[in-house]
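K.L.:
Could you have a look at this structure, given as structure tokens, before my questions?
Every read-out reported here was derived from the displayed coordinates using simple, explicitly stated rules and does not represent laboratory data. Remember, it's a predicted structure, so these values are computed and weren't measured experimentally. Here the Cβ is made from the backbone with ideal geometry for all residues, glycine too, and neighbour counts use every protein chain on show.
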Amino acid sequence: MKAKRTDRLASQVIREISDIIRRKLSDPRLEWVTITRVDVSPDMRDTKIFIRTLDSGEKQESTFEALRHASGFIKRELGNRLKWRVVPNLSFFRDEQAEQTENVLRIITELNQGGKTPDGGTEAGT
């Protein structure tokens, strides 16, 4: 029963925070941010927000810095929109699960193409 509730709340948080980032924040570092999933703690006091960006390296770190900087504003906006008794603390994380999924899909695609790598060679080096 509680799992369904936290799943429903997580969906709501994804929608609202995505909208806040897109419509209320004008930071150019947040242009290519996608929220892939949200984990809400059972007591609903903490949320882990998993983010995916098109940037890498220093630019990606800059994106997370912008999110940390805006987290107070995002939390306040979220509270105004959701009308919850307690607005959860927000923590932003890089979604490595999505990258792992992409790697597995790439490997499967390569195997289905007869072991050819994206550069046209084969995995055996021929």
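K.L.:
As an exercise, identify the trypsin sites (Lys or Arg not before Pro) in region 1-43 lying in DSSP coil whose Cβ has no more than 14 other Cβ atoms within 10 Å.
P.N.:
Hits after loop and neighbour filter: 24.
K.L.:
Restricting to DSSP H runs of at least four residues, report the calculated mean residue ellipticity at 222 nm for the chain, -39500 (n - 2.57) per run over all residues, nearest 500 deg cm²/dmol.
P.N.:
Value at 222 nm, helices only, nearest 500: -18000 deg cm²/dmol.
K.L.:
Moving on to the next point. List the residues, sorted by chain then number, that are 5 or more residues from residue 51 or on another chain and whose placed amide H is less than 5 Å from its amide H.
P.N.:
Close amide H contacts, sequence-distant or interchain: 36, 93, 94, 95.
K.L.:
If you put +1 on each Lys and Arg Cβ and -1 on each Asp and Glu Cβ, how big is the dipole of the chain around its Cα centre, in Debye rounded to 20?
P.N.:
1060 debye
K.L.:
Which loop-located trypsin sites (Lys or Arg not before Pro) does region 46-120 contain, where loop means any DSSP state but H, G, I, E or B and the Cβ has at most 12 other Cβ atoms within 10 Å?
P.N.:
The qualifying sites are 83, 85.
K.L.:
Among the aspartates and glutamates, which have Cα under 12 Å from the Cα of residue 75 when same-chain residues fewer than 8 positions away are ignored?
P.N.:
Reachable aspartates and glutamates: 16, 46.
K.L.:
If you build a Gaussian network model of the chain, linking Cα atoms that sit under 10 Å apart, which residue out of 21, 74, 107 swings the most?
P.N.:
107
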